[in-house]
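The values are calculated or read from the model by the stated rules, or taken from the named source; none is laboratory data. Just so you know, these numbers come straight off a predicted model, no measurement behind them. Cβ placement follows ideal geometry from the backbone for every residue including glycine, while neighbour counts extend to all protein chains displayed. These accessible areas exclude ligands, DNA and RNA; they are computed on the full protein's heavy atoms, side chains included. Shrake-Rupley method; radii C 1.70, N 1.55, O 1.52, S 1.80 Å.
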Amino acid sequence: MAPNQSQTTQVTAQNVSISRTKDDFLYHFGLSSTAVDMPKMFGDVKFVCAGGSASRSKHYAEEFSREIGVAKPTNLSRSDRFVIYKTGPVLWINHGMGAPSLSIMLIETLKLLHHAKAEDVCFVRLGTSGGVGVAPGSVVISTVAVNGELQEEYVQWIAGKRVTRPTRLCPLLSSSLSALAVHMHLPAVSGKTLCADDFYEGQMRLDGFFCEYEEQQKLSFLTTIHSLGVRNIEMESTAFAAITGRAGVRAAIVCVALLNRMVDDQVTISKELYLDYETRPFKLVSTFIRKQLKI
Ligand code: R2B
Ligand code: URA
């Protein structure tokens, strides 16, 4: 996993107009590529840690700054859509909920890293999810991301046509994280992650405003996906895996299960337990990063 000096890979936009443009405005970060010195500010980035909520990203960044002994970071984003915190060579950026929001964040982060001429960058999503046959609090390290049709694909519609992109996570990154989780005695499992396009019907919940299936059908679906190796359900993994894979950067997904969907639909855990659970992906990923970067 350590960046191999002889094989550095610069993040490079696969769009000639971006390479030619004088000034590129990253609208959802409120940052222009010429107003700030991108190589100076972001050229050293080696890890991008992404999570859904802005406050969780801030919390993770502040905790990491304490761990590595650097100043408490401030939000570098100039827009209220996303936050960006930088602690040494690690960025903490939120992506909101669902693939469309995540895709905007990832594309603008990749463009930012392109302008910064950053090299050998790894992306990690630290998130929450619904476990499938795993106990609440388990950390699920994704091996593969599948869409609602259980295909390892992220679906886009471009010019009125359905375009599919393969979902690619870095197997070495995932297996290294799994080995570290064992070493740290964290309750972790590795398995496939189902990416749904909504929280309710798309995840076979029985507690939505609409529901046209029975409990038996929900359980049958969850049993089927469990037998196919799915261990959790969330809402961004296919886009995350496909966009990073297409960009040629390594990526991993580490999500804590807030509940076991075989048992519950409602997320009713206490605030204290929620905070404890959402710290688990951070503990694993921050330890991993510190080992990799020797910081
Ligand atoms: C997990 O939690 C969010 C929904 O509550 C969503 O962003 C996800 O993937
Ligand atoms: N996030 C999801 O998408 N689903 C859950 O069940 C919990 C968190």
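Here are a few things to note about the model shown:
- Chain lengthening between residue 224 and residue 185 when straightened (0.36 nm per residue, less Cα-Cα): 11.1 nm
- Relative to the longest principal axis of the Cα atoms of the chain, the long axis of helix 171-183 makes an angle of roughly 70 degrees.
- Plainly put, segment 214-287 has a radius of gyration that is 1.03 times its Kirkwood radius, both from alpha-carbon atoms, as the Rg/Rh ratio.
- Amide proton proximity set for residue 78, modelled H, under 5 Å, gap of 5+: 30, 31
- Relative contact order of segment 16-293: 23 percent, from C-alpha pairs under 8 Å at least 6 residues apart in sequence.
- Cβ-Cβ FRET estimate between residue 15 and residue 66, R0 fixed at 41 Å, reported to 0.05: 0.60
- Segment 1-138 - percent relative contact order, Cα under 8 Å, separation 6 or more: 35
- Helical content alone sets the calculated 222 nm signal of the chain at -11000 deg cm²/dmol, taking -39,500 (n - 2.57) per DSSP H segment of four or more residues and averaging over every residue.
- Residue 226 exposes around 60 Å² of accessible area when a 1.4 Å probe is run over every protein chain in place.
- For the chain: accessible area per residue (Å², 1.4 Å): 47
- Checking the Cα-Cα distances for 218/271; 46/294; 46/117; 46/291 against a 18 Å cut-off, the pairs over it are 218/271.
- Between the C-alpha center of segment 234-260 and that of segment 116-161 there is a gap of 2 Å.
- Only Cα pairs under 8 Å and 6+ residues apart enter the sum, and on that basis the relative contact order of segment 223-295 stands at 22 percent.
- The long axis of helix 54-68 is offset from the longest Cα principal axis of the chain by roughly 60 degrees.
- Rounded to 10°, Cα long-axis angle of helix 215-227 versus longest principal axis of the chain: 50
- Candidates 40, 111, 161: whichever shows maximal mean-square fluctuation once the chain is modelled as a Gaussian network with Cα springs under 10 Å: 161
- Length gained on full extension, residue 172 to residue 294, computed as 0.36 nm times the residue gap minus the Cα-Cα distance: 42.1 nm.
- By the Kirkwood approach, averaging reciprocal distances over each pair of separate Cα atoms, the chain gets a hydrodynamic radius of 19.5 Å.
- Relative to one another, the C-alpha centroids of segment 80-110 and segment 263-295 are positioned 18 Å apart.
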